[in-house]
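Structure first, commentary second.
All of the numbers you see were taken from the coordinates with simple rules; none came from a lab. All values reported here derive from a predicted model rather than from experimental measurement. We place every Cβ from the backbone using ideal geometry, glycine too, and count neighbours over all the protein chains shown.
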C-alpha cells in the first residue's frame, strides 16, 4: 500500500517510520519544491504532485496550511483522508469557530474581525483582556496580539491592518478576537476516527508551553471526568467533519471544565508520547485510519512524557542512561527555535516518571531547555 | 553517525528503523551482490564494500556466516563491532564449543567429527540419541542429522561425507556430534555488552519451535533463578569474547538447569518482542553499543510475545483489532518457509497476554500458522 503525505516534515517522517513495519510505503509531497520525496532520505525524488497522486493508494496531510488548489487536486482523486474541508477547517480559525458553534462545543467568546468597524465592535462587546489571532496563518505564537487595555487598541490595529494587507495566501485574511481565558492549565486530546465512524481517544495530555511553543507533554490517565468531557468534544467535532485519521484538540482547563482552544486536523506534537506510551502510536493509528485498517487500541501502557528539542542538534549522551528515555531526532538542519526532535520518557507510575523526568531535566542544558526543570519541579 | 551492517536482511532493516530516530544512518552490505544499499529501500546503491567501509563510522553484522575476507577487511578499518573473532565463533560450532569449555559454561556432551574415525569414536563415547550439526553452515534445522540407533550410523555417515565434501565455504568443514538433551523447554537470553564492559540482559524468553524454526517467543519475567543462571552464562561468554553489541544465547532447560545450545553474535529472532515489550529494543541497544552510546535499560515493560510469520505475505486484517498487536513486515518477496515478518503482542500481565494470544491464534489461518493455537493452549 502507498500513502502520499502532503508536507515533508517530521510528522511525515514519523508516519513513514511507523508505516514501514506495516509494509506501507509513505512518500511526502514537499509543497516548497513541488516534488514528491522519501521522507526518510529526503534526497530521493519521485516526481511532481500529479505523479505522487497517481502513484498513491491514499493521500493525507501533515499540516493544515496547504493551498486550496493542492487540496482540490487531491480530493478529486478520491484518495484524500481526512477531507479537504476538514483540513481547511483546521487551517482557518473562522471555519473552526463556526464548527465549534454548530457542534455546541464550549470555547472562548470571540468575534471575527475583517475591518476596523469589526475590530471596534469586538472590543466593545467582549471583556478585556483579548487575544487576537490570524484566521489563516500562524501557530506556535506567531500572528497573535494581546490587548490588555483599550489604550493599546489603535497601535494594535495598525499592526493588524498591515498584517491583513500583507497576507499572501490568496484568500481574504481576517483576525479572530477572543476573550482571554484565565485557564488553570492547557491539555489536549489526540484521537482517531475511522471511515466507518469508529472513534478512539488517547488519554488527555497536559501541555506545558514556553514562549507559545510546546515544551513538555505529560500523559497520566488521571482526571476521568475531564477525559469524558474531552472525548465528548472529540466525538462531536470528528463526527461533524466526517473525519478520517488522527485529530488533535487543544483545550484550556478552567476549574473542572474544558474550553476548546483550537483543533489540528493531523497527528500532533502533544501526541508524540504515544510512540512509547500507548498501545498504538498516533502515527500508526493515523495511517491505519487513512488506509482503512482497523484502528489500534489507544490505551496508555504506562505514564509517559515528551520533551521537545528546540533549536539545538545535540543533547548530552548521558540522558541515554536514564531507563526508558527514547530519542527522536528529525534529521533537520539547526535553526533557532526550530523543532529538531523530542525525547520520550516513561515510568511504571507517576512517581517513577516524575523521578526520571527530574533526572532528565538535571542533565538537559538550561540554555537549550530553559524552563523544563522548573516545570518538572511543579509536578 | 553512519553504521554499515554486513547483511541486508530484516535484521539490518530493523536496525535501520531503530536508528533513524537517533539520527544514525544505517546502510547494509548485501554479500550476494557486493553492493551497499539502503536497508529500507533496497533499490538505492551506495557503492561496493570498500566504499561502504570508507563511509562508515562503525561496522557491525546481522549474521555470522560472513566470509573471512570480508571480516578481515572490516576489522582492518578499526570500525568493526563485535570483533571478527566473535562473529566467527558464532558461525563455527567448533569455536563455539571451545569457548563454552574454556568459560566453563554448561552445554551438551559433544565431539568434533572431521572424518570416519572421529565419527565412530564419537558414537562409541557418547550416549545415544545423538544430534549432528554442521560446524560451519546451517541453522533453522538445516545441516543436521539425528542418530537414534547405531544401525543408522552408516547411512548417516554417507550423507555427512557428501555434505563435508560438497562444502563450498573454503574452510575445512566438520560436524559437531552432541548428545541429545531431553530438555523441558527451550529458552534464550538476549543481552548487550558495551565497549567498556558493561552488560545488561533482557528477561529470559521461552521459545517454541516448529520444524526447527522459531514459531513463538514469550517474555514474562518469571523464573528469577533461571534468569540468574542465564545472566551468568551471558556475562562469561560476552566477556570472554570482549563482545560489543547484542549477543543471544539459546539454552535447553532441563529441570532447574540451563545448558547452552548455541550462541548468536547478533540481534536475534527470539528478541524481536523487545520492540514493544522492553524499555529499549534489542535493535536500538545493539546500535547504541556499536556506536559507543550508553546502553539502554533492558527491563520488561509488560509481558510480551512474538509470533513469526513464515512463508506468507498476508494475515487477516482483524488481528489489528486485538489491543497491543504490532505488525512487523520485512518487505520481502514470498517463498515457502521464508521469514516474512512477525507479530508482537503484549498484556498488562500473563493472563491478559495469553488471552490476547488466544484471540490472535484463533484468527491466524491454520495453514500458515500450523501449531500456534496448540502452543498457546498449553500456556
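First check a/c for chain B, with a ≥ b ≥ c the square roots of the eigenvalues of its C-alpha gyration tensor; if it is under 1.5, answer rounded, and if not, answer prolate when a/b is larger than b/c or oblate otherwise. Please list the in-between numbers first.
Working: a/c = 1.43, a/b = 1.10, b/c = 1.30.
In terms of gyration-tensor shape, rounded.
Relative contact order (percent) for chain A, with alpha-carbon contacts under 8 angstrom and 6 or more residues of separation? Please list the in-between numbers first.
Numbers: 776 pairs, mean separation 49.6, N = 379.
Rounded, it is 13 percent for chain A.
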Using a Gaussian network model of chain B whose springs link C-alpha atoms within less than 10 Å, name the residue from B:309, B:59, B:322 with the highest mean-square fluctuation.
B:322
Output, in nm with one decimal and in ascending order, the distances from the residue B:114 label point to the matching label points of the other copies (7 Å from Cα along Cα-to-Cβ).
9.2
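Within a 10 angstrom radius of the beta carbon, how do B:46, B:202 rank from fewest other beta carbons to most?
On the way: B:46 15, B:202 33.
Arranged by neighbour count, lowest to highest, B:46, B:202 become B:46, B:202.
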Calculated FRET efficiency for the pair residue B:312/residue A:240, C-beta based, R₀ 35 Å, to 0.05
0.25
Between the label point of residue A:198 and that of the same position in each other copy, find the distances and list them shortest first in nm, with every label point placed 7 Å from Cα along the Cα-to-C-beta direction.
4.2
Label geometry 7 Å along the beta-carbon vector: residue A:95 inter-copy distances in nm:
6.3
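Based on other C-beta atoms within 10 Å, arrange B:146, B:356 from fewest to most.
Ascending number of Cβ neighbours within 10 Å: B:146, B:356.
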Projected label distance in nm at residue B:213 and residue B:51, using a 7 Å step from Cα toward the beta-carbon
3.4 nm
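Fewest Cβ neighbours within 10 Å first, please rank B:378, A:19, A:125, B:304 accordingly.
B:378, A:125, A:19, B:304
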Looks like region B:109-179, by Cα gyration tensor root eigenvalues a ≥ b ≥ c and the a/c under 1.5 rounded cutoff (else prolate when a/b is bigger than b/c, oblate otherwise), is prolate
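Do the sum for chain A: with -39,500 (n - 2.57) for every DSSP H run of n ≥ 4, divided by all residues, what is the mean residue ellipticity at 222 nm, to the nearest 500 deg cm²/dmol? Walk me through the numbers before you get to the answer.
Numbers: 12 runs with 117 residues, N = 379.
Helices in chain A give a 222 nm mean residue ellipticity of -9000 deg cm²/dmol.
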What is the spin-label model distance, in nm, from residue B:195 to residue B:351 if the labels are put 7 Å beyond Cα along the C-beta direction?
4.9 nm
How far is the Cα center of region A:80-118 from the Cα center of region B:155-230, in Å?
61 Å
What distance in nm separates the simple spin-label points at residue A:121 and residue A:366, each placed 7 Å from Cα in the Cβ direction?
5.1 nm
For region A:258-293 and region A:36-60, write down the distance between their C-alpha centroids in whole Å.
22 Å
